[in-house]
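Nothing in this text is a laboratory measurement; each read-out follows from the coordinates by a stated rule. A quick note: this is a predicted structure, and the numbers were derived from the prediction, not measured. Glycine gets a Cβ as well: all are built from the backbone with ideal geometry, and neighbour counts include every protein chain shown.
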Amino acid sequence: RGKATALKPAVDDAIERVDRVEHVLVVRRTGQDVAFTEGRDVWWHEITARQPAEHTPQAFDAEHPLFILYTSGTTGKPKGILHTSGGYLTQAAYTHHAVFDLKPDTDVYWCTADIGWVTGHSYIVYGPLANGATQVIYEGTPDTPHQGRFWEIVQKYGVTILYTAPTAIRTFMKWGDDIPAKFDLSSLRVLGSVGEPINPEAWIWYREHIGAGKTPIVDTWWQTETGAMMISPLPGVTETKPGSAQRALPGISATVVDDDANEVPNGHGGYLVLTEPWPSMLRTIWGDDQRYTKTYWSRFNNRYFAGDGAKKDDDGDIWLLGRVDDVMLVSGHNISTTEVESALVSHPKVAEAAVVGAADTTTTQAIVAFVILRGTATEDEGLVEELRAHVAKTLGPIAKPKRILAVAELPKTRSGKIMRRLLRDVAENRQLGDVTTLTDSSVMNLIQSKLPTAANED
Ligand code: 7RM
């Protein structure tokens, strides 16, 4: 946001707590003064200046650990996801090539993810580097110095493949169609989405306003644990459907099962499972093999349980429905947060929505929706009724939210995922749980101030 953020103090602080770090390689980036520990800290420009121009890479065993990336997990205790070298690189490179139809000699590829998120690891670092891609790496925000920043970059570098997240797309929708319209986006030929289910509304906006109504959109489903993309259309191959990640990629086996681990027929929903191993699968949870087996391999007869709800449509295409922990139980019906959120976002006055189930004495859970309104819309009784009726019309009366609250922001992680757990805490008048992974923790104060009596009111 136009200001330099010092990273070195955070590194120095972390190193205080461990005893095995010998050296810290420091890149002179902003030119600010930094504390420097002689002998331990090494300037990047000094060490690279004395290296030979040719480098012979060192060979590693395929199962040599490559990295451990921590996911927050729902229980609070983070899980250290272990990836190894051979399989991870194989699938990161293959999917980066196949899903984006990468032509390394002519494409200019840009993945806007935070590099600390698994998406940054696989699709800014390992996949593109392994494939010799020409790519844009951007460390700023989408609204600095102005809200057309992304489109200015696409125009300036002639970006041909853009990979971003639904949360960003919904933000661009909120800012207005006129902003991307000011830039030449004609270089774009493939658009990607990752991180959350993309609402059909956002998918169509992305296609129309960024993709000139013709670029294929690849909605890529995968996880930190899977290491690389697993379910996605292939551009120019798959006939796409707005909102569906569609099919497992070649070599990958995914399906949807019911509570008893039976595969559901087309047209039905349940739990997403992966039925065969894949090259970039996590090898364990670092230091906790037992938790690894229990979390991923126990619930459905040795098949990998992803933790996501999903349904198969009449063609057998897969639609992701959000984390199963977020699924709501209302008067005996399982209702997915994703579907209610998409119904809300399809209303012209709603820019973004987050839906949670709050404990309710008569219906087990009641649907509480937090919405960000579009530009000119204002919150009043009429609007709330209009939105409730709109959801009832789209999904049926059972999915009608009991409460709808207009808010200015939603609590999100750095990868743009809505932290529904915190919204549930608010909706049930509970003390907030851990907020350390939020991008901006002040958001929760704003929301709480709007909702003093959620659980009590009828
Ligand atoms: C890549 C990444 C994983 C969770 C996953 C899903 C959700 C990710 C999609 C999606 C619907 C998608 N890794 N998710 N991509 N849901 N459609 N295309 O996000 O480890 O940070 O998160 O994200 O719930 O289980 S992650």
Exercise. Would it be correct to say that Lys156 is among the basic types (Lys, Arg), away from the ligand (no atom under 16 Å from the Cβ) and in a loop (DSSP other than H, G, I, E, B)?
Worked result: no
Exercise. Looking at the stretch 178-193, is at least one residue of a type in the set (Gly, Ala, Ser), within 26 Å of Arg283 (Cα to Cα), in contact (Cβ under 8 Å) with a residue 60 or more places away in the chain and surrounded by 18 or more Cβ atoms within 10 Å (Cβ to Cβ)?
Worked result: no
For this session: Output the residues belonging to the stretch 47-88 that are among the aromatic types (Phe, Trp, Tyr) and within 15 Å of the ligand (Cβ to nearest atom).
Result: Phe67, Tyr70, Tyr88
Problem set entry | Hits in the stretch 67-91 - residues which are under 30 Å from Ile418 (Cα atoms) and in contact with a Pro (Cβ under 9 Å, 6 or more places away or on another chain) | Tyr70, Thr71, Ser72, Leu82, His83, Thr84, Tyr88, Leu89, Gln91
Exercise. Out of the residues in the stretch 335-376 that are within 16 Å of the ligand (Cβ to nearest atom) and in contact with a Gly (Cβ under 8 Å, 6 or more places away or on another chain), which is farthest from Ala310 (Cα to Cα)?
Worked result: Ser342
For this session: Output the residues belonging to the stretch 113-153 that are part of a helix (DSSP H, G or I), buried (at least 18 other Cβ atoms within 10 Å of the Cβ) and of a type in the set (A, V, I, L, M, F, W, C).
Result: Val118, Ile124, Phe150, Trp151, Ile153
Exercise. What do you reckon, is Ala353 aliphatic (A, V, I, L, M), within 20 Å of the chain's Cα centre (by Cα) and not in a helix (DSSP H, G or I)?
Worked result: yes
Problem set entry | In the stretch 179-221, the residues that are more than 16 Å from the chain's Cα centre (by Cα), charged (D, E, K, R) and farther than 19 Å from Val237 by Cα | Lys182, Asp184, Glu201, Glu208
Seminar exercise, completed: Residue count, the stretch 23-76, condition loosely packed, with under 12 Cβ neighbours inside 10 Å, under 23 Å from Leu89 (Cβ atoms) and in contact (Cβ under 8 Å) with a residue 40 or more places away in the chain, comes to 1
